[in-house]
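S.K.: The structure follows.
The values are calculated or read from the model by the stated rules, or taken from the named source; none is laboratory data. Computed from a prediction, not measured in an experiment: that's the story for all the values here. Methodologically, a virtual Cβ is constructed for each residue, glycine included, from the backbone with ideal geometry; neighbour enumeration extends over all protein chains shown.
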Amino acid sequence: MNRAFAIISIILSASVLSCVPAGKYRELQNASRQNMIDRDDFRTENLTLSMQNREIASRIAALEAEMTKSKQDIALAEIERKKAREDLNTITERYNALQNAQENLVRGNLTETKKLLAELQAAQDNLRQKEDIMRQLEHSMDLRKVSLDELNLELEKKNARMAELEKILDTQKKIVQDLKQKVSEALLGFENNGLTVTNRDGKVYVSLDEKLLFKSASWDIDVNGRNALKKLAGVLEKNPGIQVTIEGHTDNVPYRPGSGNLSDNWDLSVKRATTVVRTLLEGSKINPARLTASGRSEFVPVEAADTPEARQKNRRTEIILTPDLSELYNLINQY
């Protein structure tokens, strides 16, 4: 961040001094472009985090469904085993009865004896089949229990990870909510007078209309806007873990400079952003490494209509407050 601030300072000097060599100016342009890439990388990481959260939730749902099916299969296996045991008992009783009958008829009719022996052999075969089926059912049930235990263990791990992620996310949400409350309280007299404080995407956005800070086509901050920024600086001093991005926005009307200091809306938006940075740092204890200034020109409008009202809304400065997400990223990288 120190390097980024140094580059921003050089850009400020380059925008004022028209005699800087072209090679140095291109070097500064490249550095500014890299800063934009770094910011986009952060947004990509934020999107990746959301996708990972959804993937984890989907995998947990699949594990829970599989565990439910395994429980149903085990219940069916229990029913089948119970029935097999009942059949086994019935066959055993029949077998015993046949054995008794055989003993009583040893001296009787040979044909009846052979018949009884055939029935006894059939009963024995049937008994072995039932025993084989029962052993297979018990083996299958043992395997399903092992699988169920593994699923339970995996689900417990996923639930523990999800709970930890949710805990950190809840903490981050609370930090953002508390920060928004502090900023709103500090800027109470300015809200609805060209200033709004909102909370979206895990960040706090302080949006200041052009009329609150600057005159048309100017980057000099008036007294009222300076007072608002000083109150905001007081909040930032007390919250050192918050990263601050200042974005300058213009309308789509081409900038027509009266002098050679600026050439277009890009220059104007960057100049306004860096002026806000300097005002926040002026007389405060804020670490300059926490601040990033960027110009968005006319290309991120809040109103797409080509009307005076829409253009007025688009001429704004946004101060984006981002809490520290390093703890959340460290937890994700552990898996």
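S.K.: Can you pull out every residue in the stretch 163-192 that is part of a helix (DSSP H, G or I), surrounded by 15 or more Cβ atoms within 10 Å (Cβ to Cβ) and in contact (Cβ under 8 Å) with a residue 40 or more places away in the chain?
M.R.: Within the stretch 163-192, 165, 168, 169, 172, 175, 176, 179, 182, 183, 186 meet the criteria.
S.K.: Which pairs turn up if I take residues in the stretch 94-105 that are over 9 Å from residue 120 (Cβ atoms) and among the basic types (Lys, Arg) and look for partners that are modelled with pLDDT of 80 or more and exposed (fewer than 12 other Cβ atoms within 10 Å of the Cβ) with beta carbon separation below 8 Å, at least 6 apart in sequence or on another chain?
M.R.: Pairs found: none.
S.K.: Then there's this: Can you name every residue in the stretch 79-93 that is free of Cβ contacts under 8 Å to residues at least 12 places away in the same chain and either among the hydroxyl-bearing types (Ser, Thr, Tyr) or outside any helix (DSSP H, G or I) (or both)?
M.R.: 90
S.K.: Of everything in the stretch 156-195 that's over 30 Å from residue 229 (Cα atoms) and of a type in the set (Gly, Ala, Ser), which residue is modelled with the highest pLDDT?
M.R.: 163
S.K.: A follow-up question, please. Any residue at all in the stretch 50-62 that is in contact with a Leu (Cβ under 9 Å, 6 or more places away or on another chain) and of a type in the set (D, E, K, R)?
M.R.: The answer is no, given that none of the residues of the stretch 50-62 is in contact with a Leu (Cβ under 9 Å, 6 or more places away or on another chain) and of a type in the set (D, E, K, R).
S.K.: Give me the pairs, please: first residue somewhere in the stretch 34-48 and not assigned by TED's automatic domain parsing to the domain that holds residue 322, second residue anywhere and among the small types (Gly, Ala, Ser) and in a helix (DSSP H, G or I), beta-carbon distance under 7 Å, and either six or more positions apart or on two chains.
M.R.: 35/4
S.K.: Within the stretch 243-300, can you find the residues that are out of contact with any Lys or Arg (no Cβ under 9 Å at 6 or more places or on another chain) and on the phi > 0 side of the Ramachandran plot?
M.R.: Of everything in the stretch 243-300, just one residue is out of contact with any Lys or Arg (no Cβ under 9 Å at 6 or more places or on another chain) and on the phi > 0 side of the Ramachandran plot, namely 297.
S.K.: While we're here: Could you please tell me which pairs satisfy a Cβ distance under 8 Å, a separation of 6+ or placement on different chains, a first residue in the stretch 125-152 that is within 16 Å of residue 84 (Cβ to Cβ), and a second residue that is among the small types (Gly, Ala, Ser)?
M.R.: Cβ pairs passing all conditions: 130/84; 133/84; 134/84; 137/77; 137/84; 140/77; 141/77.
S.K.: In the stretch 226-242, what residues are surrounded by fewer than 21 Cβ atoms within 10 Å (Cβ to Cβ) and farther than 11 Å from residue 286 by Cβ?
M.R.: 226, 227, 230, 231, 241
S.K.: Sticking with this one: Surrounded by 14 or more Cβ atoms within 10 Å (Cβ to Cβ), at pLDDT below 90, in the same structural domain as residue 323 (by TED's automatic domain parsing) and over 32 Å from the mean Cα position of the chain (by Cα): which single residue out of 259, 263, 218 fits that description?
M.R.: Checking each option against the conditions leaves just 218.
Here's the yes/no breakdown for (1) in contact with a helix residue (DSSP H, G or I) (Cβ under 6 Å, 6 or more places away or on another chain); (2) over 30 Å from residue 196 (Cβ atoms):
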| position | (1), (2) |
| --- | --- |
| 115 | no, yes |
| 125 | no, yes |
| 130 | yes, yes |
| 134 | yes, yes |
| 141 | yes, yes |
| 150 | no, yes |
| 170 | no, no |
| 173 | no, no |
| 181 | no, no |
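S.K.: So if I check each of 207, 269, 284, 294, which one is part of a loop (DSSP other than H, G, I, E, B) and either at pLDDT 90 or above or loosely packed, with under 15 Cβ neighbours inside 10 Å (or both)?
M.R.: The unique qualifying residue is 284.
S.K.: Out of curiosity, is residue 56 at pLDDT 80 or above, surrounded by 14 or more Cβ atoms within 10 Å (Cβ to Cβ) and assigned to a helix (DSSP H, G or I)?
M.R.: yes
S.K.: Could you please give the count of residues in the stretch 115-155 that are among the polar types (S, T, N, Q), surrounded by fewer than 15 Cβ atoms within 10 Å (Cβ to Cβ) and at pLDDT below 85?
M.R.: Residues in the stretch 115-155 being among the polar types (S, T, N, Q), surrounded by fewer than 15 Cβ atoms within 10 Å (Cβ to Cβ) and at pLDDT below 85: 1 in total.
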